[in-house]
């Protein structure tokens, strides 16, 4: 004969199922709150990047493209180009977020993707140029 009687075993299973359902409901509610929080934080970070990035990149490009700065250093050209590429990325990505579909959406996505690929290449070329000027300081053409 079994150790548990039929009614006590059913009562135990029912109580266990109810506790799992309550825990599952709390997990779903908790995950819903977490996703809403994550979405809000993503919006805050994105708008902060726009508010700081657009004027910052414009000012950076202006400073690095001044005639006496750009002529005296090749690094200034890399940094100015990097500022322009970052500005293009921010504007095109912002445009692609607010256009739902159509050829403008595809164009903005293409420009944002191209800028996101070009940025690491510019950083790599800037780093190699600086490495060459540090390793071989007298071999660099003036």
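Read-outs: derived from the displayed coordinates by stated rules, not from any lab. Remember, it's a predicted structure, so these values are computed and weren't measured experimentally. Positions of Cβ are backbone-derived with ideal geometry, glycine not excepted, and every protein chain shown enters the neighbour counts.
Let me check against my output: what whole-number percent is the relative contact order of the range 33-142, with C-alpha pairs under 8 Å and at least 6 apart? Walk me through the numbers on the way to the answer.
On the way: 73 pairs, mean separation 22.9, N = 110.
After rounding, I find 21 percent.
For the pair residue 100 and residue 128, what calculated FRET efficiency results from E = 1/(1 + (r/R0)^6), where r is the Cβ-Cβ distance and R0 = 35 Å, to the nearest 0.05?
0.30
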